[in-house]
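Everything below concerns the one structure shown next.
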Amino acid sequence: MDATDVTGPHTGAMIALIPSEADAAQIAVDGGEPADELHLTLYYLGKAAAIDESTRTALITAVTDMVERRELLPVEAQAFAPALFNPDGEEPCWVLLAGDDPDNASETLGAIRGMVSEALHDGAVEFTMPEPRTPWFPHVTLAYTGDTTLAGQISGRTGPIRFDRLRIAFGGQATDIPLAAAAPASTLVEVAIVESGGFEPVHPDDLTDAEPLGDDEQILLAALDELDGVLVEVFDAGQARYPKGHPKGGQWRPMVDRVKDSIAAHRRGEHGDKHPLHGYSREQLRRVAKARGIELRRGEDRDSIAAKLLTDLGGNAKAPKPPPAKTSATPAARKQPKVSGARMEPITRREFEKIKARREHDDLTAQLQATKDPREREDLERKLFYVKKRIDQKSDEFYNWESPHWDEQAAARVIGTPSEEQIQAHVDKVMPQAGMSAELREELSGELSRQGETAPRSMLELGKIDDLSRFDHGSHGHGVMAYYNPSFRSISMNPRWDSDRGEMDEAVRRARASGWWVHSDATGAAGTAAHEFGHHVFFRILSLADRRQRTKLTKALDDGLGANGWLVQHVRTSGDIKRSIDAWLLAGGRSSARRTVSEYGAKDGHELTAEVWREYTTSKNPRPHIKAMGDALRHLAEELDMVRT
């Protein structure tokens, strides 16, 4: 974490993603914002002068802890188009619109934004953010000007962009939180067990390969080793048999010879655009390079490794190397972490996660012993409960770290579903003690208890129900019945539920009868609370679900909405469920959404999923496709909370 002074008359506060130095220099424009001040705003926090020092520290701590806990990696995105914001306003500006990179497995921009929102709540920061503008358009502002001549210059700035830091800025004072460098996935994880009882994870590129080279790797290694000597005969690299006139004319040529000829032709410039190592994966090339003693940088990309393999041939100056034995690899020695009195142990991913859980258990226990704050102790004790279950060998029954399998019944058997008493205690805790009539409080409390029966772990993550005086009429208007605030996981009900109850109930009746809302057997206020709890469920999914989980949920939504695979195809590219639903609605899906869900559900992805949840949880006989989509939402939300805690 690095605190720096950012030049310029900045008066606002923000949390933003910062592009890498190389990318920032590449997209900056002459006369525009300095490269070191380019950013993608996640949240505007208001005027810096209004935020006191203790709140600033709490915000920085909450976000830093989230980054370290989640071990967040740099975010790979795509700058896909220039745009002129506020062309007729007081502050026009040229921006680069950014989206997710479909070819990269990094977290999406929307997911990072959701995680920051979660962190501010989890960190128990007493801070109310200004209501964000909607919809949110991820962008990097390049220049504050309406000069249209910049359009051509900025259009050349599109392409991949890496964000490698999170920045929290208060006026001219900024704190940068680095995102760790990415490490390739590995089936086995090497850890050094140190004397203190902790562990040090080792980068997969530093491992001693336990598996022998495969056939393809053996062929490439042999070809490269033989090319270090004198190549006597050269044929067409694509020719599978020896030509006529050759002593072996007509016979199949060994793959080693064919690879040798392909490489030799490439080095003479006779290969065109086709690369002789095309088809070999990064891991195959890495293992062959190690076997040849080539020094590689940690995390070096595939194309760079391929180039080093060809350059290493050195113009046939080297003596041939003996081919490796079939039974084992011949890796070069690598620098290993300094470990006192310990040896490197290859372990499975599942075992690695258990070691992490034990370490987390020790940290939480120490924190519990050090604090006397009742609220903090309650939170730590709940986290400890679930960490202990993760350490338990029986936890393998419900979650296998090496596969996407998750079994809710087995999970409930091992961890235990929260009891009715736990759920009711949490409902009582989140309900306001004042600022609401006793009748409305009882009605909402009963509905939240029913929601807790359907999604108990999601209910335990609900932050609060605001008292009616906190309803923001300025941002949401007189006619809005309620709203959900993801920053604090809170539900705010319109005070008219107390002052104009008859009028509000009549409005609900008309909305249901006209198809504006889905059918519900709950009272008006209870059904509205169920809708807002649906937002809570969906926001948690957007914040925490990985790509596999998003795709699985999208398949259920696609089937229920009759999208004929449109949503599934789009989410594989965008990685964002809400964005995929919005795109489908704009592309002609609204009529289907009106028919399968409701008129209000056809507005956007948030309202569609909340409407599904309302009918799913408050109708005695939900429509079959609604039940299927509701089941998918509930299963995923409960899975995320279980694995997270």
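The values are calculated or read from the model by the stated rules, or taken from the named source; none is laboratory data. What you see is a predicted model; the values in this text were computed from it and never measured. So basically every Cβ, Gly included, is an ideal-geometry build from the backbone, and we count neighbours across all protein chains shown. Protein only, heavy atoms only, side chains kept; ligands, DNA and RNA dropped before computing areas. Shrake-Rupley method; radii C 1.70, N 1.55, O 1.52, S 1.80 Å.
Applying the criterion of at least 1 residues that are modelled with pLDDT of 85 or more to the strands (runs of 3 or more DSSP E) found wholly in region 1-97 leaves 12-19, 40-47, 75-85. From the list 165, 157, 113, the one residue that fits, being assigned to a strand (DSSP E or B), at pLDDT 85 or above, open to solvent by 20 Å² or more (accessible area, probe 1.4 Å) and of a type in the set (Lys, Arg), is 165.
Taking the criterion of being among the basic types (Lys, Arg), farther than 18 Å from residue 264 by Cβ and at pLDDT 75 or above, the residues of region 283-316 that qualify are 286, 287, 290, 297, 302. Residues in region 583-606 that are buried (at least 20 other Cβ atoms within 10 Å of the Cβ) and under 25 Å from the mean Cα position of the chain (by Cα) were compared, and the one that is farthest from residue 549 (Cα to Cα) is 585. Of the residues making up region 516-557, those that are within 17 Å of residue 603 (Cβ to Cβ), out of contact with any helix residue (DSSP H, G or I) (no Cβ under 6 Å at 6 or more places or on another chain) and open to solvent by 30 Å² or more (accessible area, probe 1.4 Å) number 1. Considering region 42-65, the residues that are over 12 Å from residue 127 (Cα atoms) and hydroxyl-bearing (Ser, Thr, Tyr) include one that is surrounded by the most Cβ atoms within 10 Å (Cβ to Cβ), namely 43. Taking residue 134, is it surrounded by 14 or more Cβ atoms within 10 Å (Cβ to Cβ) and either hydroxyl-bearing (Ser, Thr, Tyr) or assigned to a loop (DSSP other than H, G, I, E, B) (or both)? In short, no. Sub-8 Å Cβ pairs linking a first residue in region 459-477 that is more than 20 Å from residue 428 (Cβ to Cβ) to a second residue that is open to solvent by 60 Å² or more (accessible area, probe 1.4 Å) and modelled with pLDDT under 85, at least 6 apart or interchain, are 472/131; 475/131, ordered by first then second residue.
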